Amino acid sequence: MKPILKIQDLVVEYRTHEFGQKVKLAVNRLSLEVFPGEIFGFLGPNGAGKTTTMNVLLGFVPASRGAAYIFNVNVREPIARQRIGYLPELTYYYKFLTAEELLRFYARIFRIPAAEADRRIDEVLKLVELDAVRKRPIKTYSKGMQQRVGLAQALINNPDLLILDEPTSGLDPIGRMKVRQIIQRLKSQGKTVFFSSHELGEVETVCDRVAILHQGELRAMGRVSDLEEKYKCNLEQAFLKVVGYEPGL
Amino acid sequence: MPAPSLLFGLLCSVCFTLATWLQPWHQSWAGSRAQSGSLLNVVMGDSRQLLANHFLVKADVYFHSGYYPSIFDQVTRGAPHMATAKDDHDGKEDHDHEANEESGFLQPPRDWIDRFSRHFYPSRHTHLEKPGEAREILPWLRIAADLDPHNVGTYSVAAYWLRQHLNKVDEAEQFLREGWRANPDSYEILFELGRVFDENRNDPERARNVWELGLRKWHEQSARHARQDNFVLEQTLTQLARLEEREGNLPKAVSYLEELKTVSPLPDTIQLQINELKQKAAPPSAVKGPKSP
Amino acid sequence: MNNALAIASVVVKELYRRKDFYVLFVLTALITLLMGSLNFFNDDKIVRYLKEICLLLIWISALTIAVGTTARQIPAERENRTIFPLLAKPISRGQLVAGKFLGCWLACGLVLIVFYLFFGVISASREHQWAAASYFQALWLHWWMLAVVVAMALLGSVVFAAPSSNATICLVVILGILLMGRHLNQVALQLAEPMNTVVYAIYFALPHLELFDVRDLVVHNWDPINWLVCGGATLYAAAYAVFFLFATWLVFRRQPLA
Ligand SMILES: Nc1ncnc2c1ncn2[C@@H]1O[C@H](COP(=O)(O)OP(=O)(O)O)[C@@H](O)[C@H]1O
Ligand SMILES: [Mg+2]
């Protein structure tokens, strides 16, 4: 099967301006592939380089070396983003727009015809349960509602690949469960989901495969059950071992 | 909140205002340096006066429908060449430097941008000549007088336009009285006021009173200061002489002319007028005639 | 173009949902009406001072809105991180720049139409004539000048980090050009050789925004400008706007967003 998302030998360096030309290596020679229909968990402690990798996938940050492809198109081309949905971590949306206007704006960029856009907007707003407040400006929304707006906009174009950066961070338990349900529903529709997280519990329940990143380097990758078998413990302990944290020490 | 944009707005207006002040500042600086010799005095001195001066210049700009040299043009030409409104209070038409003006402050365009830009601002010399158009300069004179009530030139100029071109004698008289209240010793204002009474009100009695008062003020002040503005004295004496001649007080008229002769740059012409008057006066007083020389 | 227009429509929506414009318009209208209510020697036909004040306020307000709105666009997108979901859509950075420019410029156009209608009503109420051609030219030239201003502020917003410093720098440069631009060649003449050439080069290189300031012609009822000349000025402004937009795109194209 052909991978839907392919990262090859990716290196990302940030120039930190404090000390002249000093560079910070955020991602180091990362290679991975995600196949259609998979739910792929991208794990790592804070600062591991998860967001940086996603930034490359979406063209926000140039790769220092290596390359990334989505649907076999280099991520530098805007057209690579036609069939993906992206939920950034910690985002705000145009506060002066209503949820409906925001979604219509994004639908227009995807060139979704008006009638279909209306249908999609109804659909995703129902899915994220914002139907009742769709005509209120986003600035009046709570944090959880804003996160759900983010999910709605990621789904507006009915994407085949979803890239979600810590979709459950900052949500209460009910909110997390709902996000998990949405992810599972997407899987049942045959979508591919690539999402980052450091919440291992949720990863275990929804992911087909995971990759564990630490300090920019890939430390482990495979099916959750394979990893548990390999390290002879549950995913959480395996994770801690992989990132070099010994509970006894 | 619109606070930042309000701030920008404020900044903008400050800049604009500063810029528009540049011009009068330059002029009043050049002007009063001659008088006071102290730059500090001017910079720290009465800003109201600077503003007032700015609005006087504005009135002159309006009189020329916006055709006016900027400070840059003035620098290239060496000095401001156009009279400000207060200088030509006897009618704008007889500028001293009319010839200079007609050639314009604008030199031939230096480059294509210069040539092109002349389509976008007034680049032809004109005056407000259509009937009633002169009213447009009045607001600036009014504001200038409010800011600096001691500049008597403002009142004279405004009164001239109100009286001669706008048929607003009442307003002219009221404005002059206002100026008189602020400057009780001003013979200039008394002179203008006299003209209102004489030429527009047909009231020689009151005209004579204010002119005579003006004369007294002039003499008082010339006794105090060494140098005085002879121009208004000449004008007042001329007007008084004419008035007395019309009223039939020929000896009085002659005596004013005699005084005028001492200050006039053209004493011979005045002497001719005196002789004429004396001849008119001759028949009734033929006995005295031969004795007088 | 579709993408640029979509972004532009959001910018315009933002403008009319924020209060800045209304505040400036009400201020302008209030000051103008206040000045119009003054009585100068019982003459109610005096109008030019009022036109001048009204136009000055319009220029200040329009510049403030243009620079303020534009300078904040891209930095606000980055600060609020709205640029991430936006650029995750099939949209290029060039389209984003074009959209922001179009949005700010169209918004300025709407603002100008409102302001100039007010100006027209004020002057017609006194003069009993409606110099439509002159007013239209003033509006048109003003709008094209703002195209250059908006493009300049957009360039500033991807070059300078803070929107406030960008806005300040832009305003200072623009006011400098408006006040000095026409006279730089005269200034150059006064200078000794190395500076002479430098100032002359600046004189030829900078966008002569003051060309588009035809307030004196409007205030003093001069005849409308030759339409060909007007068209020339339009092309002149368009050339500079395109230049600044191109520069913005060059800078922004490869700028890392994170
Ligand atoms: N804009 C930036 N400039 C410099 N360093 C950065 C920048 N963004 C992230 N980093 C660094 O890169 C590393 C990876 O960060 P990130 O990808 O955000 O981690 P996470 O896995 O938590 O999402 C961190 O050490 C972070 O400090
Ligand atoms: Mg992260």
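The values are calculated or read from the model by the stated rules, or taken from the named source; none is laboratory data. All values derive from a computational prediction rather than experimental measurement. When we count neighbours, we look across all protein chains shown, and the Cβ atoms used for this are built from the backbone with ideal geometry, even at glycine.
Observations on the model:
- Residue within the stretch A:1-10 that is within 16 Å of ligand 1 (Cβ to nearest atom), touching a residue at least 24 places away in the same chain (Cβ under 8 Å) and either part of a helix (DSSP H, G or I) or buried (at least 20 other Cβ atoms within 10 Å of the Cβ) (or both) present: yes
- Scan of the stretch A:131-158 for residues that are among the charged types (D, E, K, R), surrounded by 15 or more Cβ atoms within 10 Å (Cβ to Cβ) and in contact with a strand residue (DSSP E or B) (Cβ under 8 Å, 6 or more places away or on another chain), ordered by number: A:ARG134
- Residue that is away from ligand 1 (no atom under 16 Å from the Cβ) and under 17 Å from A:ILE183 (Cα atoms), where the choices are A:LEU102, A:LEU162, A:LEU97: A:LEU162
- Some residue of the stretch C:237-258 being assigned to a helix (DSSP H, G or I) and either facing chain B (nearest Cβ under 8 Å) or within 16 Å of ligand 1 (Cβ to nearest atom) (or both): no
- Only a single criterion out of (1) out of contact with any helix residue (DSSP H, G or I) (no Cβ under 7 Å at 6 or more places or on another chain); (2) more than 16 Å from ligand 2 (Cβ to nearest atom); (3) outside any strand (DSSP E or B) is not satisfied by A:GLU33, namely (3).
- Where helices (runs of 4 or more DSSP H) fall wholly inside the stretch B:105-200, the ranges with 2 or more residues that are within 11 Å of chain C (Cβ to nearest Cβ) and at pLDDT 85 or above are B:112-117, B:138-147, B:152-164, B:169-182.
- Residue within the stretch A:81-90 that is surrounded by fewer than 21 Cβ atoms within 10 Å (Cβ to Cβ) and under 30 Å from A:VAL23 (Cβ atoms) present: yes
- Residue within the stretch A:124-146 that is within 16 Å of ligand 2 (Cβ to nearest atom), within 14 Å of another protein chain (Cβ to nearest Cβ) and within 18 Å of the chain's Cα centre (by Cα) present: no
- Only one of the numbered conditions (1) in contact with a Gly (Cβ under 9 Å, 6 or more places away or on another chain); (2) crowded, with 18+ Cβ neighbours inside 10 Å; (3) within 11 Å of chain B (Cβ to nearest Cβ) is not met by C:GLN186, and that is (1).
- Qualifying positions in the stretch A:52-67 - outside any loop (DSSP other than H, G, I, E, B) and surrounded by 20 or more Cβ atoms within 10 Å (Cβ to Cβ): A:THR52, A:THR53, A:MET54, A:ASN55, A:VAL56, A:LEU57
- Qualifying residue in the stretch A:96-117 (condition: crowded, with 22+ Cβ neighbours inside 10 Å, in a strand (DSSP E or B) and in contact (Cβ under 8 Å) with a residue 12 or more places away in the chain): no
- In the stretch C:152-174 there is at least one residue matching the filter, namely being assigned to a helix (DSSP H, G or I), closer than 30 Å to C:ASP223 by Cα and touching a residue at least 24 places away in the same chain (Cβ under 8 Å).
- For the stretch C:216-233, filtering for residues that are in a loop (DSSP other than H, G, I, E, B) and within 7 Å of chain B (Cβ to nearest Cβ) leaves 4.
Yes/no matrix, rows are residues, columns are (1) within 23 Å of C:SER134 (Cα to Cα); (2) of a type outside the set (D, E, K, R):
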position	(1), (2)
C:GLU193	no, no
C:THR197	no, yes
C:TYR200	no, yes
C:PHE204	no, yes
C:ASP213	yes, no
C:VAL218	yes, yes
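- Residues being away from ligand 1 (no atom under 12 Å from the Cβ) and within 20 Å of A:ALA238 (Cβ to Cβ) - total across the stretch A:27-62: 5
- The stretch A:36-91: number of residues that are at the interface with chain C (Cβ under 10 Å from one of its Cβ atoms) and within 16 Å of ligand 2 (Cβ to nearest atom): 15
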